[in-house]
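To start, the structure itself, in structure tokens.
No value in this document is a laboratory result; all are computed from the given coordinates. Only a predicted model underlies this, so the values are computations on that prediction, with no experimental measurement involved. Neighbour counts run over all protein chains shown; Cβ positions are idealised from the backbone, glycine included.
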Ligand code: SF4
């Protein structure tokens, strides 16, 4: 059951969302137990592999170049440092690594080759690999799939009606197309939204309606509370009530019984009791580690303490689907072959030079002239 057939219209969803809270949580908890082990919660880590300088204008995002925030732009991390971070995350209990790049879209360049290599390497560590890289086309999605990508994240953020109030540089339709491209490549889809951006409850259920209309709704639905960052257009938004997060998690769980509902950004503003209600209502994942891309998040130890109190256990990777196989990537293999060839040629040239009695010319530096 991908979508709960009891709830088909926006009015029904609104009624569900507005139910007396404990009844809503009870219904969600009952459904959650039918499809998931309620003690298991997946710990995922979200790593910003390329930070800031984004040309888009998402009103909540401190990484948009046009807003004056504290975020410093950084170029793409190296494959080695990503692998190191992935190993750390794994050692701390994370079974999924989500790599985020502040790009409008994926371009077929050296950076993308490196991301493909990161996917291969992290998948080979035995972690579920997710990427969030902006818009991507079918060929790029296929390349990521071949590299072993488990999931592609592309959030719809909010309802189609409210979307234009938050983002103007790309259309809702563009987002739907990217999700479709990931789907066509056989990658699982992670897509969700943000509440607390000034939207109405109608927009929250409107977001869920967008997923209900899909032939294949997302396997993973992150629910974020806005983290209002100074310098962004949404900086003055008041933090959302914890109850609203619980309602949104519960409603999402009931409507999509099989999906993993992820309790994502905004947990620093929630106490453990409210998070516990979210787990009861069907949240099956959190992001672990003290940073969510660029915004704060509870650290590993705090979450470990919460897991111990609540009797939760971290979910092992690939419980819901098989681990993808990382196939060799033609472009990367070509590059490696060329690099090996160049290194060989250099070695031969050096040996030849030594053989011919060549001595490297000494260049006088300013110091040595003195
Ligand atoms: S959310 Fe993504 S696309 Fe939007 S501004 Fe931030 S980095 Fe760019």
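Here the average projected area of the convex hull drawn through the C-alpha atoms of the stretch 9-161 stands at 12.3 nm². Using a Gaussian network model of the chain with C-alpha springs under 10 Å, which one of 12, 120, 140 is most mobile by mean-square fluctuation? With Cα springs under 10 Å in the chain, the top fluctuation among 12, 120, 140 is at 12. Report summary: the helix-based calculation at 222 nm, which adds -39500 (n - 2.57) for every DSSP H run with n ≥ 4 and divides by the residues of the chain, gives -13000 deg cm²/dmol.
Tell me, in nm to one decimal, what length is gained between residue 358 and residue 9 on full extension, where the rule is 0.36 nm per residue of separation less the Cα-Cα distance? Numbers along the way, then the final one.
Numbers: separation 349, 0.36 × 349 = 125.64 nm, distance 8.18 nm.
Residue separation times 0.36 nm, minus the Cα-Cα distance, leaves 117.5 nm.
Contact order for the stretch 1-117, expressed relative to its length and based on alpha carbon pairs under 8 Å spaced 6+ residues apart, stands at 27 percent.
Taking the Kirkwood radius as Rh and the Cα radius of gyration as Rg, the stretch 113-172 has a ratio of Rg/Rh equal to 1.10.
Prolate is the label for the chain. Its Cα gyration tensor axes, ordered a ≥ b ≥ c, give a/c of at least 1.5 and a/b above b/c.
Across all C-alpha atoms in the stretch 106-218, the radius of gyration and Dmax reach 15.0, 43 Å.
According to the Kirkwood expression over distinct Cα-Cα pairs, how big is the hydrodynamic radius of the stretch 39-105, in Å?
Working: mean 1/r = 0.0756 Å⁻¹.
It is 13.2 Å.
Annotation: peptides 258-269, 18-29, 171-182, ranked by per-residue average of other Cβ atoms within 10 Å with the highest first, follow the order 258-269, 171-182, 18-29. Counted over the chain, the DSSP beta bridges are approximately 10% antiparallel.
Could you tell me the relative contact order of the stretch 127-239? Use alpha-carbon pairs under 8 Å, at least six residues apart, and round to a whole percent. Here the relative contact order equals 27 percent. Mean sequence separation of contacting Cα pairs (under 8 Å, at least six apart), scaled by the length of the chain, corresponds to a relative contact order of 23 percent.
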